[in-house]
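The values are calculated or read from the model by the stated rules, or taken from the named source; none is laboratory data. Predicted, not measured: the structure shown is a model, and the values here were computed from it. Neighbour counts are summed over all protein chains in view; Cβ atoms, including those assigned to glycine, are modelled from backbone coordinates with ideal geometry. Ligands, DNA and RNA are excluded from the accessible area calculation, which covers all protein heavy atoms including side chains. Shrake-Rupley method; radii C 1.70, N 1.55, O 1.52, S 1.80 Å.
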Amino acid sequence: MNISPSLLVDKKSLRHWALQQRAQIPPAQRERRSFGLHRLLQEHPRFQAAQVLLLYGSMGSEPNTWPLLRATLKQGRSLVLPRIDRDALNLYRVRDLDTELGPPGLWGLREPLPYLCDPVRPETLDFILVPGLLFDVQGGRLGYGGGFYDRLLPEATRAWRLAMAFHEQCVGVVPREPHDLPVHEVLNDKGTFFVTTEHP
């Protein structure tokens with residue numbers, strides 16, 4: 001998929017375009033393709049080996065991650081979810097999705113309740129599932145514009161950074177700033193789109 005050069009200089013327009021592309025996927029197809037992504041991820045050696053995993057609860061037209069969250073808990077591994085507090089992304093271990101998450105708040109996310117969940121330091125993470133709107137063949141990522149993961153990822157020094165996306169979200173190039181940290185790998189519903197030789 002190619003992107004117009006004019007969009008590359010305007011992240012706001014690019015985000016709008018990406019949201020439109022993803023929203024055009026019919027809901028039933030989105031669920032079916034999400035299931036295929038889950039299967040690919042569950043078979044992934046990095047995912048299988050990880051014990052402390054930062055995942056996220058999907059919203060809107062994102063690939064549905066909620067079955068993945070429940071499967072991770074069922075496997076007895078440490079499920080970590082993010083909470084937006086002002087300009088920071090704070091991390092908490094969640095043991096029960098039904099009782100330890102609040103109602104949808106900022107950005108439409110269901111977030112951990114701090115008085116019920118233990119805080120987690122980024123450097124203890126083994127694996128991060130990184131959200132985003134678009135990903136490119138160098139592991140570049142276009143997020144939603146808040147910069148939360150841009151600030152978090154450099155602190156998670158030992159974690160494997162993987163994105164899971166529909167193939168419509170995978171493009172040749174996305175704009176990248178000097179401080180942007182790429183993901184190590186991108187999986188889409190056609191297989192592996194990008195993988196780095198870097199091993200943390």
Checklist entry - Whats the longest run of the chain with zero GluC sites (Glu not before Pro) that are DSSP loop and have at most 14 other Cβ atoms within 10 Å? => result 44-197
Checklist entry - Taking the Cα centre of region 35-159 as the origin, how large is its charge dipole in debye, to the nearest 20, when only Lys and Arg (+1) and Asp and Glu (-1) carry charge on their Cβ atoms? => result 240
Checklist entry - How many nm separate the modelled label positions at ASP118 and GLN138, each set 7 Å beyond the Cα in the direction of the Cβ? => result 4.0
Item to check | Where region 124-200 is the region considered: accessible area per residue in Å², 1.4 Å probe | outcome: 38
Item to check | Cβ-based net charge around THR72, under 13 Å, with every Lys or Arg adding one and every Asp or Glu removing one | outcome: +3
Item to check | Between region 93-110 and region 119-179, the Cα center-to-center distance that results, in Å | outcome: 21
Next on the checklist: Could you work out how much longer the chain between THR157 and THR99 gets when fully extended? Use 0.36 nm per residue separation minus the Cα distance between them, nm to one decimal.
Outcome noted: 17.8 nm
Checklist entry - For TRP107, what accessible area in Å² do you get when you roll a 1.4 Å probe over the heavy atoms of the protein chains, rounding to the nearest 10? => result 100
Checklist entry - Using a cut-off of 18 Å between alpha-carbon atoms, which aspartates and glutamates can reach LYS11, once sequence neighbours fewer than 8 places away in the same chain are excluded? => result ASP136, ASP150, GLU168, GLU177, ASP180
Checklist entry - List the lysines whose alpha-carbon lies under 21 Å from that of LYS74, not counting same-chain residues fewer than 8 positions away? => result none
